[in-house]
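Down below is the structure, laid out as structure tokens.
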Amino acid sequence: MTVSSNNAVIEIRQLIKTYTMGLTQVHALAGLSLHIQRNEYVAIMGPSGSGKSTLLNIIGCLDMPSGGEYVLNGQLASQMDDDELARIRNQEIGFVFQTFNLLPRSNALRNVELPLVYSGIGSRERTDRAQRALQAVGLGDRMNHRPNELSGGQRQRVAIARALVNGPAIILADEPTGALDTRTGEEIMQLFRQLHDQGNTIILVTHEEHVAQHSRRIVRLRDGLIESDAPNPGGTPV
Amino acid sequence: MDLRETFTLSVVGLLSHKLRTFLTMLGIIFGVAAVIAMLSIGEGAKQESLEQIRQMGISNIIVQHWDREEEEDREESTDRNLSRGLTWADARAISDIVPTAEYVTPQRELQTRALAGDNTFRTMLVGTTPEYLTVLNARVASGVFFTHEDMLESRRVCVLGADARRALFFFDDPLGARIKIRNHWFTVIGVLEDKGAASGKIGGVLEVRNTDEDIYVPLSTLLQRFHWEAGQSELTQITVKVDDPDRLNETAQLIRTLVGRRHRGVDDFKIAIPEELLRQSQRTQQIFNVVMGCIAGISLVVGGIGIMNIMLASVLERTREIGIRRALGARRRDILYQFLVESLLVSLTGGLVGVMLGYAVPEVITLYAGWRTIVPAWTIALAFGVSATVGIGFGIYPARQAARLNPIDALRYE
């Protein structure tokens, strides 16, 4: 659709997002530009209200920018219609939420199958792929458990399996350890590191420094603009 | 997501709230059952009056004696001196003077008891003429009907209605047997075919009784053999078969003038046209159907509103689920179908149960109230059509609401 420079999976130019709250307009993003390459591991940090979640939601095609350009995999996402965005969310992006967002009445397997249901994949192949994804996150023996029968860490693993199952280009995580205790959070971060090592592109939003230290590049936001953008040498594999 | 997937999803969604789903369905169940029951009662009543009227003859005019004394004061009993009531002579006059009267049959009825061996049977003894068969479309099942010769000689012969035969003779052959009616012995010479008649009142005017219970004798025999009080009308009824059904009204008018003149203006008879009554009763029936249909229709609409209400609540309750599905790649259309199929399932299942109930209710009514009910086949198509329309009509708004939600807003909804 538009110029795709070298190996960039995400190209953001002059991105603006404005919310109207009552009578005042809030600029969550004020003309932000960012490029992310394939197989990068980026942490987006910043105080609350800095626009980091808004940025992640726009990258994940859950929200639309008010202005600027967002190119995902060479496609101009900021001009797509709803059906195309749904397809992108389904196939190009795997989303991991702070509160897991699993369907409470479905078991782990059904939850992981969900993105495949919406890509129109037949039930046998669906189950097969969902099982493999659950095994990959170490939950091969918990497939028939419902979310309320799983611990927080296990739930987040189910959510990660669900994010991975359709083989997305990028994995987005919004405070993935925010609802977990430190030890479980570390386990989840190990899992992300593994995924990165396997060649996945990962972008995560956090306000915790020790979580961000797992990444290879840290982008800090303030008032809807990038404050600093630097590689993180500490993020090398342990 | 394909339709089968959506269907499964909806079934699972509905089954997770069994009681709520059932209660929502109840509105449709009752609505559909009410529609079917109302229509089947209406249809049954229509068939019944149609048959009764056909039994009286669709091209007939009925002149009935009307005893004023029963209905009004005795003040006018002096009229008795002017008119002797409906007479055989009136019947002959109609036959002679009215050109459109093809057949005329007089009738004198007498409520009495008949005896055959040890069996007694309360019956209506009907004195009439051989034309009765033609005029009333009756057929002889076995034996013969009496003839003009029997009339002339006032022979003591009788013809039994189907029910009278059954009551008096069971499975025996009644032909040639003798039955006793008020000290007179009659020889059975024939039995009429079962008319499957029922008693009732048509248009609130004309009484119809079950003529299968009648016993027929020659009019002359009846008038001569039995003792009659002075001043009683000679005939109960004269039935006139008109050769041209289009001239029923004119003929009735002519008969009214003729008999009225013969009775010296005394209003002691009434004229009924079954065909006219049929049209009247059909008109009444139509009004009944429309009113009942409206009431039942309202209950269907109420049921539909129930569905809409629950679906709206369900959309609100499942906002987060909608958000999750949208975040994982569900299109607006997928969400729309999910909720639409749910409401359609509720209304169609309700419709199905309603049809079953709609079949059962008329059966129960027939059993206890003795009304005839007929469930017309097209009502089932109607019930399904209506419940599908209700399901889509009242389901589309909540489903649209669900599909319109923004993924991020839905996800953040608490």
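Give the average, rounded to an integer, of partner chain Cβ atoms located within 10 angstrom of each Cβ in B:318-327.
Whole-number average of other-chain Cβ neighbours for B:318-327 is 5.
Using only Cα atoms, what is the ratio of the radius of gyration of chain A to 2.2 N^0.38 Å?
Normalised Cα radius of gyration, chain A: 1.00.
Could you list A:L195, B:L50 so that the one with the fewest beta carbons within 10 Å of its beta carbon is first and the one with the most is last?
Working: A:L195 20, B:L50 16.
Lowest count first: B:L50, A:L195.
Just going by the charge dipole of the protein assembly as shown, with Lys and Arg at +1 and Asp and Glu at -1 on Cβ, which of B:L340, A:G199, B:A33 is farthest out on the positive end?
Most positive-ward Cα: A:G199.
With charges only on Cβ, +1 for K and R and -1 for D and E, what is the dipole size of the protein assembly as shown about its Cα centre, in debye, rounded to 20?
Dipole size: approximately 1780 debye.
Rg and Dmax in Å for the stretch B:248-306, alpha carbons only: what are they?
21.4, 68
Just name one of B:L175, B:L258, B:G85: the one whose Cα is farthest towards the positive end of the charge dipole of the stretch B:67-267 (beta-carbon charges, Lys/Arg +1, Asp/Glu -1).
B:L175
In the protein assembly as shown, if the dipole is taken from +1 on Lys/Arg beta carbons and -1 on Asp/Glu beta carbons about the Cα centre, which of B:L235, B:A138, A:H27 is farthest to the positive end?
A:H27
Ranked highest first by the average count of other Cβ atoms within 10 Å around their residues, in what order do B:95-104, B:8-17 fall?
Ranked by mean Cβ neighbours within 10 Å, highest first: B:95-104, B:8-17.
Only Lys, Arg, Asp and Glu count, each charged at its Cβ (+1, +1, -1, -1), so figure out the dipole size of the stretch B:67-267 about its Cα centre, rounded to 20 debye.
On the way: 26 positive and 34 negative charges, 118 e Å.
Dipole about the Cα centre, nearest 20: 560 debye.
Can you list the lysines whose alpha carbon is less than 23 Å from that of A:K52, not counting same-chain residues fewer than 8 positions off?
A:K17
Any chance you could list P(r) for the stretch B:221-286, counting all Cα-Cα pairs in 5 angstrom bins from zero, rounded to whole %?
3, 12, 19, 18, 16, 15, 10, 6, 2, 0
Expressed as a whole percent, how much of the Cα-Cα distance distribution for the stretch A:48-144 exceeds 18 Å?
56
For a footprinting-style exposure proxy, rank B:C158, B:C294 by other Cβ within 10 Å, fewest first.
Fewest to most other Cβ atoms nearby, the residues stand as B:C294, B:C158.
Hey, what angle do you get for helix A:108-118 against the long axis of chain A, alpha-carbon based, 0 to 90 degrees rounded to 10?
Helix A:108-118 sits roughly 50 degrees off the main axis of chain A.
For the protein assembly as shown, list log₁₀ I(q)/I(0) at each q in 0.07 Å⁻¹, using the Debye formula over Cα point scatterers of equal strength and ignoring solvent, two decimals each.
With one equal scatterer per Cα and no solvent, log10 I(q)/I(0) is -0.64.
Taking Cα pairs under 8 Å and at least six residues apart, what relative contact order does chain B come out at, in percent?
30
Output the relative contact order of chain A, whole-number percent, from Cα pairs under 8 angstrom with separation of 6+ residues. Numbers along the way, then the final one.
Values: 478 pairs, mean separation 64.2, N = 238.
That works out to 27 percent.
Please identify the DSSP H helices in chain B that span no less than 20 Å along the helix axis (Cα) and have a mean Kyte-Doolittle hydropathy of 0.5 or more.
Helices meeting the span and hydropathy rule in chain B are B:18-56, B:274-317, B:332-369, B:378-404.
Grab the beta carbon distance between B:T389 and B:E414, set R0 = 51 Å, and tell me the FRET efficiency rounded to 0.05. Walk me through the numbers before you get to the answer.
Details: r = 36 Å, r/R0 = 0.70.
Rounded to the nearest 0.05, the efficiency is 0.90.
Give the average over all directions of the projected area of the C-alpha convex hull of the stretch B:67-267, one decimal, in nm².
Projected area, direction-averaged: 12.2 nm².
Listed highest first by mean packing, meaning other Cβ atoms within 10 Å per residue, what order do B:297-306, B:229-238 come in?
Numbers: B:297-306: 18.4, B:229-238: 16.5.
Top of the packing list down: B:297-306, B:229-238.
Would you mind giving the mean number of other chain beta-carbons within 10 Å of the Cβ of each residue in A:86-93, as a whole number?
Across A:86-93, the average partner-chain Cβ count within 10 Å equals 4.
Among the aspartates and glutamates, select those whose C-alpha is under 19 Å from the C-alpha of B:K241, and discard any that sit fewer than 8 residues away in the same chain.
B:E51, B:D90, B:D96, B:E102, B:E131, B:E207, B:E250, B:E275, B:E276
Given the options A:G60, A:G224, A:G120, which has the most mean-square fluctuation in a GNM of chain A, springs set between C-alpha atoms less than 10 angstrom apart?
In this elastic network of chain A, the residue with the biggest mean-square fluctuation among A:G60, A:G224, A:G120 is A:G120.
May I ask you to list the lysines whose Cα is less than 22 Å away from that of B:K46, ignoring any residue fewer than eight positions away on the same chain?
B:K195, B:K201
Return the long-range amide H neighbours of A:H35 (sequence gap of 5 or more, or a different chain), with a cut-off of under 5 Å between placed amide H atoms.
When sequence neighbours closer than 5 places are left aside, the close amide H contacts are A:I12.
Cα-Cα pairs above 18 Å in the stretch B:310-369: how many percent?
Result for the distance tail: 54 percent.
With a Cα-only, solvent-free Debye model of the stretch B:250-391, what are the log10 I(q)/I(0) values at q = 0.15 Å⁻¹?
-0.91
Can you pull a Stokes-Einstein diffusion coefficient for chain B at 25 °C (0.890 mPa s), Rh from Kirkwood over Cα pairs, as a whole number of µm²/s?
Numbers: Rh = 26.2 Å.
My calculation gives 94 µm²/s for D.
Inside 10 Å of the C-beta atoms of B:400-409, what's the mean count of C-beta atoms belonging to other chains?
Mean number of neighbouring Cβ atoms from other chains: 3.
For a quick check: sort B:I255, A:I121 by the number of other beta carbons within 10 angstrom, fewest at the front.
Going from sparsest to densest Cβ surroundings: A:I121, B:I255.
Please give the contour-minus-distance gain from B:R283 to B:W66: 0.36 nm per residue of separation, less the Cα-Cα distance, rounded to one decimal in nm.
75.5 nm
How do the peptides B:256-264, A:50-58 rank, highest first, by the average count of neighbouring beta carbon atoms within 10 Å per residue?
Details: B:256-264: 15.3, A:50-58: 23.8.
Answer by packing, highest mean first, reads A:50-58, B:256-264.
Since every read-out is calculated from the coordinates, none of them should be taken as a lab result. Since the structure is predicted, the reported quantities are computational estimates derived from the model, not experimental observations. As a convention, Cβ positions derive from the backbone with ideal geometry for all residues, glycine included, and neighbour counts pool all protein chains shown.
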